[in-house]
1. Looking at this structure, is residue B:229 in a loop (DSSP other than H, G, I, E, B), of a type in the set (S, T, N, Q) and in contact with a Ser or Thr (Cβ under 9 Å, 6 or more places away or on another chain)?
2. Can residue A:16 be described as open to solvent by less than 20 Å² (accessible area, probe 1.4 Å), at pLDDT below 95 and within 14 Å of chain B (Cβ to nearest Cβ)?
3. Quick one: which of A:147, A:182 is touching a strand residue (DSSP E or B) at 6+ places or on another chain (Cβ under 8 Å) and open to solvent by less than 10 Å² (accessible area, probe 1.4 Å)?
4. Considering only segment A:1-52, state which residues are in contact with a strand residue (DSSP E or B) (Cβ under 8 Å, 6 or more places away or on another chain) and either without any contact (Cβ under 8 Å) to a residue 24 or more places away in the chain or part of a helix (DSSP H, G or I) (or both).
5. Please enumerate the residues belonging to segment A:91-144 that are over 23 Å from residue B:180 (Cβ atoms), polar (S, T, N, Q) and in contact with a strand residue (DSSP E or B) (Cβ under 9 Å, 6 or more places away or on another chain).
6. Any residue at all in segment B:201-223 that is without any contact (Cβ under 8 Å) to a residue 24 or more places away in the chain, open to solvent by 60 Å² or more (accessible area, probe 1.4 Å) and more than 22 Å from residue B:121 (Cα to Cα)?
7. For residue B:128, which of the numbered conditions (1) within 12 Å of chain A (Cβ to nearest Cβ); (2) crowded, with 17+ Cβ neighbours inside 10 Å fails to hold?
8. Scanning segment A:150-179 for residues that are among the β-branched types (Val, Ile, Thr) and modelled with pLDDT of 95 or more, which turns out surrounded by the most Cβ atoms within 10 Å (Cβ to Cβ)?
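The values are calculated or read from the model by the stated rules, or taken from the named source; none is laboratory data. Quantities reported herein were computed from a predicted structural model and do not represent experimental measurements. Don't worry about glycine lacking a Cβ; one is built from the backbone with ideal geometry, like all the others, and counts go over all protein chains shown. These accessible areas exclude ligands, DNA and RNA; they are computed on the full protein's heavy atoms, side chains included. Shrake-Rupley method; radii C 1.70, N 1.55, O 1.52, S 1.80 Å.
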There are 2 protein chains.
Amino acid sequence: MKRNLLVVSTSTVHGSPYLSYIMSEVQDFFRDVDEIIFIPYARPSGVSWESYSAKAAAAFAEAGMNLRGLETFADPVAAIREAKGVFTGGGNTFVLLKELYDSGVLDVLRHKILDGMPYMGTSAGSNITGMTIGTTNDMPIVYPPSFEALGVLPVNINPHYLDPDPDSKHMGETRETRIFEFHTMNNQPVIGLREGSWLEIRNEKALLKGALPARLFSQGKDPEELSPNTDISFLL
Amino acid sequence: MKRNLLVVSTSTVHGSPYLSYIMSEVQDFFRDVDEIIFIPYARPSGVSWESYSAKAAAAFAEAGMNLRGLETFADPVAAIREAKGVFTGGGNTFVLLKELYDSGVLDVLRHKILDGMPYMGTSAGSNITGMTIGTTNDMPIVYPPSFEALGVLPVNINPHYLDPDPDSKHMGETRETRIFEFHTMNNQPVIGLREGSWLEIRNEKALLKGALPARLFSQGKDPEELSPNTDISFLL
């Protein structure tokens, strides 16, 4: 395999514009791609596909890149089959995955990624690179035909990973508790990506990037902190 | 219909033992029930059915009540059919709902509740009284055959409702944003039950109980705060 992925926790860090904190990495990642196709299906706050694609296209245009929404193609499956690079934005993971199944895009997108096409995801768009969406933080507002996702990484992703607040009096489960519960029913490792962190996979070499460590949860083991710039190719 | 329900946000408030803050209400609610059946299927932190039932039975015994785990019956569907009162504990809502489907308990439990049998739920056990589990906070760690729940209330429940933190720099969606997203895909009102709050429905009269207001989300309207002791029978 020759996977090339940017698996990004969040599109936006506090106090800076959409994608700006990571845009130089994005430019480098897509440097050989003359048109990036944007998958707007996750629809954050229910925004229309058109509006969401326009927002992403504007941010990419400002950085000198050409991005086109998948909704502008008559045949989305054919569009992905011909794509040179794909970016899937965040929003609701269940809405995203259901539309990927309903449109038939999921399978062709998986094949393209496994064939080396550069793929970038943020938040929900990162979540779907894992084996299942079983570690999403989103509410199940629609019912997808399966929780199986792209599965182009042999792990699950938890974006926007949030550390427990030691002062909290809230009795809802912490993120860590939820991931432990996941491991009572599932085997694959889970990577908790804090905001401003991402995985960069180029030709089968995987690095953790960004300012913060990530938290690796393996079934039956204590969680492990991974430092920025750690080579995590062993997870592939 | 003659529904009798205690729909409780949380089993445990910070700094006090399991169920203790609400036990006098529970005693009153189940006063005519000589044996309460406990549904342990939500398995918080993956605990076994037996251990979970033992924990609930101990708390009920201390308050002079007799509670028996559903896992001790050879035929769970028959047990629920004969039940005089049922309590479903919290844990993972997906795990709970899947087991209710797989065991066949869901349908018979719905009929019993609509026939007036007292039913109490905490957290995930409250979530399933709504139309769907679409407003759970839990991770989708197993795939249930549907998101449709008991539907004995014409609303959805969000337990452990958490107000946005105005100082947060975290860019993951707030609970309120997630519920707004729910309403881009679903019509039913959502009741956000803060910790220590519950709905008490007796013979078709519904009250909001506990120290804190609840937050009512109706599609296309601004959210509304409901004061404790408000008559919310209009939501039935």
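1. On the way: in a loop (DSSP other than H, G, I, E, B): yes; of a type in the set (S, T, N, Q): yes; in contact with a Ser or Thr (Cβ under 9 Å, 6 or more places away or on another chain): no.
No; evaluated as a whole, the condition is false for this residue.
2. Details: open to solvent by less than 20 Å² (accessible area, probe 1.4 Å): no; at pLDDT below 95: yes; within 14 Å of chain B (Cβ to nearest Cβ): yes.
Spelling it out, it is not the case that residue A:16 is open to solvent by less than 20 Å² (accessible area, probe 1.4 Å), at pLDDT below 95 and within 14 Å of chain B (Cβ to nearest Cβ).
3. Working: A:147 fails: open to solvent by less than 10 Å² (accessible area, probe 1.4 Å).
That would be A:182, the only listed residue that is touching a strand residue (DSSP E or B) at 6+ places or on another chain (Cβ under 8 Å) and open to solvent by less than 10 Å² (accessible area, probe 1.4 Å).
4. Step one: of segment A:1-52, the residues in contact with a strand residue (DSSP E or B) (Cβ under 8 Å, 6 or more places away or on another chain) are A:3-11, A:19, A:22, A:25-26, A:29-30, A:35-42, A:49-50, A:52.
Within segment A:1-52, A:22, A:25, A:26, A:29, A:49, A:50, A:52 meet the criteria.
5. Correct list: A:129, A:132.
6. Our first condition is that a residue be without any contact (Cβ under 8 Å) to a residue 24 or more places away in the chain; within segment B:201-223, this holds for B:211-213, B:221-222.
Pick out the ones that are also open to solvent by 60 Å² or more (accessible area, probe 1.4 Å) and you get B:211-212, B:221-222.
Still in the list and also more than 22 Å from residue B:121 (Cα to Cα): B:221-222.
So far as segment B:201-223 goes, yes, one or more of its residues are without any contact (Cβ under 8 Å) to a residue 24 or more places away in the chain, open to solvent by 60 Å² or more (accessible area, probe 1.4 Å) and more than 22 Å from residue B:121 (Cα to Cα).
7. Answer for residue B:128: the failing condition is (1).
8. The initial filter retains those residues of segment A:150-179 that are among the β-branched types (Val, Ile, Thr), namely A:152, A:155, A:157, A:174, A:177, A:179.
From what is left, the residues that are modelled with pLDDT of 95 or more are A:152, A:155, A:157, A:179.
On the way: A:152: 22, A:155: 22, A:157: 29, A:179: 22.
If we take residues in segment A:150-179 being among the β-branched types (Val, Ile, Thr) and modelled with pLDDT of 95 or more, then A:157 is surrounded by the most Cβ atoms within 10 Å (Cβ to Cβ).
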